Amino acid sequence: MRQVFLGERRAFWFQCGLLKDTEGYNRYLLLALVLVTLLKVVIATNTIGSNDVVIYWKLGSMIGSEGLLETYRSTAAMNHPPAIGMALKTLHAASGSERELFAFLVRFVGIAGDFVLGCLVIFSLRKAGAEMSPGWGRQLLLIASPVAVMVSGFHGNTDPLLALLMFWSVYFGWKNSPALSGTLFALACQIKVVPLLILPILLLHWWDRGLLRRFLVPAVTLIVLGYLPILLQEPIVLGRIVGYSGIQGIWGFPMWLRLTNLPAFAPLTFTELTVAQQVVTTVLKAVVVIAVTWMAWVRRREPAVEMFTKCGLAFMIFFFLAPSAAPQYMVWPLPFLLFMSRGVQVAWTASAAAFLFFFYNTICGGLPWYFGDSTRDLVPLWVTWTLLPWAAAGAAAWYGIKQRGSTPPAAGALLG
């Protein structure tokens, strides 16, 4: 039955022009990947990036001098998993405390992650099953994405590496390798807790196939090893990491509530939320979890390749309902959008790129960009642009959920 489903879908994809024999294009895609990677390196070499880089630099210095535990206790800015703390300490030491070199090294890690992701898309997907490889034009849109160029080359954060590990975990789900999928999922969780968003998809996929234990053993083991030592010393760290909700009032529904000028929704903060902000944040998070879990449940028996589509849909749901979002988050769904509709991929790339350009241009004081200091005073100058990716996510989520009941060939329209 599964082979019939895949055969019908494959035929539909070819008819839509989504799938093509791209072996002749691989050399050009690789050339594009190299050129875009060099562009990112040039940008990273000649800029400092956003104030996230400076915060990371200071955290690396604090962890090196005071220790990881004391840094967690002394500053709310340390809301990252322990592995990231130790990585920042290592990069700070490797840079000799030089801010410019540290800024380059932080971004080089993300650039390298983008390069590996590009190679995975160009080569590994074809080797795993050429008939499932997205068309070369859509691969090029991912490889040369202006969103990734601005986030990886300029911004400076861990999100590009996070996107790679999440995609790789799902890739091994497609390859029916639960242990490798669980291992990469756990590694992604060492960067941020965002992978928990797609956990229901992975859990129900492996549970329906009787392979859940083989996924959970390496995933749980590595997560415990990464978090437990610091949690035994300071349990509040877990709340700091998992409970982080981003700055309120700059994205989605909380932004609309702030525009009402009600005092309860006025603060732009992530540390001292009002009771009303806490309630809204909790409700929105709960709705995201329920929506993604429901979607994962009703679609749990679809072929493994649909995991990519489901993860893309999960991120669209998240970005529409999230209580907050940051510019660097825009890279999270990029590889998964290869398996959603062409319109969704283009709409997200264009809307997110427009938002990012005006955001960075504002915080840098115009072109050329060198250092972007994002302050509360600048929020009114760029916050309106968040409506573009927010609206794109809402439309994509609505369309994806609406298509759930379609027959196999029609469901392929999601990918065409």
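From its DSSP helices (H runs of at least four residues, each -39,500 (n - 2.57)), the chain gives a residue-normalised ellipticity at 222 nm of -20500 deg cm²/dmol.
Here the gap between Ala350 and Val275, fully extended at 0.36 nm per residue and compared with their Cα-Cα distance, gives a gain of 23.4 nm. Measuring r between the beta carbons of Ile290 and Val217 and using R0 = 30 Å, the FRET efficiency lands at 0.65.
Measuring from centroid to centroid over Cα atoms, what is the spacing of the stretch 145-169 and the stretch 301-321 in Å? Between the Cα centre of the stretch 145-169 and that of the stretch 301-321, the gap is 19 Å. Taking a ≥ b ≥ c as the square roots of the eigenvalues of the Cα gyration tensor, an a/c ratio of 1.5 or more together with a/b no larger than b/c marks the stretch 89-217 as oblate. Rounded, prolate or oblate: pick one for the stretch 199-285, where a ≥ b ≥ c are the square roots of the eigenvalues of its C-alpha gyration tensor, a/c under 1.5 means rounded, and failing that, prolate if a/b is larger than b/c, else oblate. Here the stretch 199-285 falls in the oblate category.
Under the convention that each Lys and Arg Cβ holds +1 and each Asp and Glu Cβ holds -1, the size of the dipole of the chain around its Cα centre is about 1140 debye. Only helices at least 20 Å long along their axis, Cα-based, and averaging -1.0 or more on Kyte-Doolittle count here, so list those DSSP H runs from the chain. Length and hydropathy pass: 2-16, 26-45, 51-66, 99-119, 159-174, 212-233, 275-298, 306-321, 342-363, 387-402.
Listed peptides 309-319, 341-351 appear in the order 309-319, 341-351 once ranked by packing, highest mean of other Cβ atoms within 10 Å at the front.
In sequence order, the stretch 365-374 has phi-based couplings of x, x, 7, x, 7, 9, 9, x, 9, 7 Hz under the Karplus curve 6.51 cos²θ - 1.76 cosθ + 1.60, θ = phi - 60°, and Gly or Pro positions carry x. Only lysine pairs 8 or more places apart, or on different chains, with alpha-carbon atoms under 28 angstrom apart are counted in the chain, and they number 21. As a length-normalised measure over Cα pairs under 8 Å and 6 or more apart, the relative contact order of the chain settles at 20 percent.
Candidate values (1) 1.16; (2) 1.02; (3) 0.95 were compared with Rg/Rh (Cα atoms, Kirkwood Rh) computed on the shown model; the agreeing label is (3). Shape analysis of the stretch 151-299 places it in the prolate category; the axes a ≥ b ≥ c from the Cα gyration tensor give an a/c of at least 1.5, with a/b above b/c.
We did not get these values from a lab; they are worked out from the coordinates using the rules stated. Only a predicted model underlies this, so the values are computations on that prediction, with no experimental measurement involved. Here Cβ is always computed from backbone atoms with ideal geometry, including for glycine, and neighbour counts include all displayed protein chains.
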